[in-house]
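Please read the structure below before turning to the comments.
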Amino acid sequence: MTFNDQPELDGETLRLRGLQEEDREALFLAACDPETWAGHPAKDRYQRAVFDPYFDMLLAAGGTLIVFDKTTDQAIGCSRYYVGPDAPGDIAIGFTFLNHRYWGGEVNFRMKQLMLNHAFKQFDRVWFHIAPDNIRSQKATMKIGAEFTSDEDLDLSGSVLPWKCYRLDRAVWARVKAERLGD
């Protein structure tokens, strides 16, 4: 069974769907504030000249979902499914960003909930690869139950870089989700 890495996922507050060329401006509007990239390795991605190659990579690579706030129908970020070279039989979620106005609440959890629920229909594990200096993402990943497994040098987008690798197992996700949502 082939994994659908660009599903339409509809939640209470968010809607996710496959990224398209027509989404370039809407996603740039979500990305164009320097504060959105604070603490991220690509601190200058708010600039058009840096954002466009990133968008082109996401579009060409596939598996990228654009995230919309259902109350405003505005794009607020994106995330991507991909197969990591360190776990070719599993799926990974990464290349995620959310506009800084959506930090600190339930948005990241709700976005990951939609993506994880979809992934766990087919996979037993989901991986996350996070830059060593991206502490915000590391903490958010551990909040959803992922466990740090190793530091690895991996090629995830055209060059070998150091990554912190986290694994989330289906049973752990079920427990965390139940605790957070009362399921």
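The values are calculated or read from the model by the stated rules, or taken from the named source; none is laboratory data. Not measured: the values here are computed from a predicted model. Note that each Cβ is placed from the backbone with ideal geometry, even for glycine, and that neighbours are counted across all protein chains shown. Quick note on the areas: whole protein, heavy atoms, side chains included, nothing else; ligands and nucleic acids left out. Shrake-Rupley method; radii C 1.70, N 1.55, O 1.52, S 1.80 Å.
Just for the range 63-88: of the residues that are assigned to a strand (DSSP E or B) and open to solvent by 10 Å² or more (accessible area, probe 1.4 Å), which one is farthest from Phe120 (Cα to Cα)? Among them, the one singled out is Gln74. Residues that are modelled with pLDDT of 95 or more and within 20 Å of Gly94 (Cβ to Cβ) within the range 31-43 comprise just one, Ala31. Here Phe3, Phe28, Phe51 are screened, and the one residue that is in a loop (DSSP other than H, G, I, E, B) and either surrounded by 12 or more Cβ atoms within 10 Å (Cβ to Cβ) or modelled with pLDDT of 95 or more (or both) is Phe3.
Select from the range 115-151 the residues that are under 30 Å from Thr2 (Cβ atoms), of a type in the set (D, E, K, R) and out of contact with any Asp or Glu (no Cβ under 6 Å at 6 or more places or on another chain) and list them in ascending order. Those that are under 30 Å from Thr2 (Cβ atoms), of a type in the set (D, E, K, R) and out of contact with any Asp or Glu (no Cβ under 6 Å at 6 or more places or on another chain): Lys121, Asp124, Glu147.
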